[in-house]
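Let me begin by presenting the structure, written as structure tokens, before commenting on it.
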Amino acid sequence: MEEELVKEPPLADKQRIGRKESQARLEQKIADDDLRWVLSTEQGRRFIKRLELKCGERRSSMMGNEWTNFYEGERNIYLWLRTEMERVAPQAVVTMINETLKKMVRESNEIAEQQI
């Protein structure tokens, strides 16, 4: 039985594939730079925090009804964003956590002062 030879794609196909890969890398770099820019500002980090709360990253999405898939979809979007943030700008994620903790302490102190 003759062995079939696997033919290499024509040069034009290789070039087209190479251009597509280069374009994909460029688009990913732009997206990464955009996310770094958003995370570099306090306003951008506050926006991301609001998005986290809206998407319910820390709430259960299991409602036992037709809303489960909807809430899980919201949550999944934020989990994707969180993974991107950790990949692109891990220090910004740490900064966001510290900012949240400072806000929680400040609010806790305000509540304690009101009760005195």
Quiz prompt | Matching entry among Ser40, Ser22 (being more than 16 Å from Glu86 (Cα to Cα), modelled with pLDDT of 85 or more and surrounded by 10 or more Cβ atoms within 10 Å (Cβ to Cβ)) | solution = Ser22
Quiz item: Within the set of pairs 6+ apart or on separate chains, which have a first residue in region 62-79 that is at pLDDT below 85, a second that is in a helix (DSSP H, G or I), and C-beta atoms under 9 Å apart?
Solution: Met62/Thr68; Met62/Tyr71; Met62/Glu72; Met63/Phe70; Met63/Tyr71
Exercise. Of the numbered conditions (1) assigned to a helix (DSSP H, G or I); (2) out of contact with any helix residue (DSSP H, G or I) (no Cβ under 8 Å at 6 or more places or on another chain), Ile77 fails exactly one; give the number of that condition.
Key: (2)
Quiz prompt | Contacts under 9 angstrom Cβ, first residue in region 86-113 being of a type in the set (Asp, Glu), partner part of a helix (DSSP H, G or I), 6 or more apart | solution = Glu86/Val93; Glu99/Glu42; Glu99/Arg45; Glu99/Arg46; Glu99/Lys49
Quiz item: Got a number for residues in region 52-61 being outside any loop (DSSP other than H, G, I, E, B) and either touching a strand residue (DSSP E or B) at 6+ places or on another chain (Cβ under 6 Å) or touching a residue at least 12 places away in the same chain (Cβ under 8 Å) (or both)?
Solution: 3
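The values are calculated or read from the model by the stated rules, or taken from the named source; none is laboratory data. Quick caveat: nothing in here was measured; it's all calculated off a predicted structure. Ideal geometry is used to build each Cβ from the backbone, glycine not excepted, and the neighbour counts take in all protein chains shown.
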